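To start, the structure under review is shown below, and the notes come after it.
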Amino acid sequence: MEKPSASKPRKLVPDWADSGHPVFHLEVERRKQSRVLLAMQQGCLPVILACTGLISLVLTALILPTQLYWDIESGFGGTLAALFFAMLLIQLIVGAVAGVLTVTQASPAISGEVELQSWHLLRTTTLSLKEIIFAKFAAVIQQSRSTLIGLMLLRFASTITGIIGTAYIVRSIFYWESSGWEKMIDEWLWVLPLITYSIFVFWYFAQPIIQMVLNSSIAFLASAASCTRSRSVAFGLVGRLMLWVLSILLNVGLIYGLIYILIINWADPSYAPIEFFHDLPQPEPEVVIFVLTMTILLYILAVLALQVGSIALLLNLTQRRARKL
């Protein structure tokens, strides 16, 4: 009697994201032929690390001695704050440049095949449309790994700096308001803020990956909607700019609205600018902490869900548009 054959172990990485996949391999080899693209990818990580290290050293050398003249603790806190905001600024600049590079690199993935009249040849193979698109998508992400590693290292440094800065602020507040903090500890009021802060740190740290995938998704939709490489690059950059402006306007508007309603009016109804809140009772500090923390938590989860949903929608629209090519 024959022994039943053992079932093959399930791969964690899909076939289309493997270097052995023909479309994945072809896309990677094509990109290696561009010396300019290869130089930009290999030089991105050293440039990010060198700029961040140089700016951090200069800021520390300029700020720390001045602050230490007055107080050791204030010097430490001031230096941490300066380093954190400097890293944020570097991330904004590098993230914007990386976004443009990602869109520029990913946009010709489908339109280039159409322009070279090789798209129909790909469609005649046994590979499904989804497999072709996702193999190209995985190749684009894989070729941008140097930029992504640089952004993740920079994000890791700023995350650690932010956590240390937060601990420093909490320690300072506890020193001056020890009775209020002891009440929070005794009544377990710190659990929800800690969970919210942990989720925020995770969301903040994961943004380079999410943004790179989102940028690539925008570029792929622009590529499927265009017949030439130049047009797809232009559409991709315009689409990314429009989404960037829209997200800023929405976030600024929503955050300002929530602060105005919850903090300026509801948390202190006696001096609320809106008369409707004057007749409401003064909420207890514990209730204010709970409501504000829950609002922040739900806002972070909503933004994360919107980002993931946008990626799924863009890739779905890309497949629908690619079927008509």
Self-check item: Pairwise FRET efficiency - residue 156 versus residue 258, Cβ, R0 = 25 Å, nearest 0.05
Solution: 0.30
Quiz item: Counting only Cα, what are the radius of gyration and maximum Cα-Cα distance Dmax of region 256-306, in Å?
Solution: 12.3, 36
Quiz item: How big is the accessible area of residue 137 in square angstrom, nearest 10, if you roll a 1.4 angstrom probe over the protein chains?
Solution: 20 Å²
Exercise. For residue 241 and residue 149, compute 0.36 nm times the residue count separating them, minus their Cα-Cα distance, and round to one decimal in nm.
Key: 30.8 nm
Quiz item: So, with +1 on the Cβ of K and R and -1 on the Cβ of D and E, and no other charges, what is the size of the charge dipole of region 97-161 about its Cα centre, to the nearest 20 debye?
Solution: 180 debye
Practice problem: Could I have the simple spin-label model distance between residue 294 and residue 230, label points 7 Å from Cα toward Cβ, reported in nm to one decimal? | Solution: 5.7 nm
Practice problem: Any chance you could look up the accessible area of residue 213 with a 1.4 Å probe, heavy atoms only, rounded to 10 Å²? | Solution: 40 Å²
Quiz prompt | In nm, spacing of pseudo-spin labels at residue 194 and residue 280 (7 Å Cα→C-beta vector) | solution = 3.0 nm
Quiz item: region 195-219 to region 252-309: how many Å between their Cα centroids?
Solution: 24 Å
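The values are calculated or read from the model by the stated rules, or taken from the named source; none is laboratory data. Keep in mind that this is a model prediction, so the values were computed, not measured. As a convention, Cβ positions derive from the backbone with ideal geometry for all residues, glycine included, and neighbour counts pool all protein chains shown. Areas reflect the complete protein model, heavy atoms only, side chains present, ligands, DNA and RNA absent. Shrake-Rupley method; radii C 1.70, N 1.55, O 1.52, S 1.80 Å.
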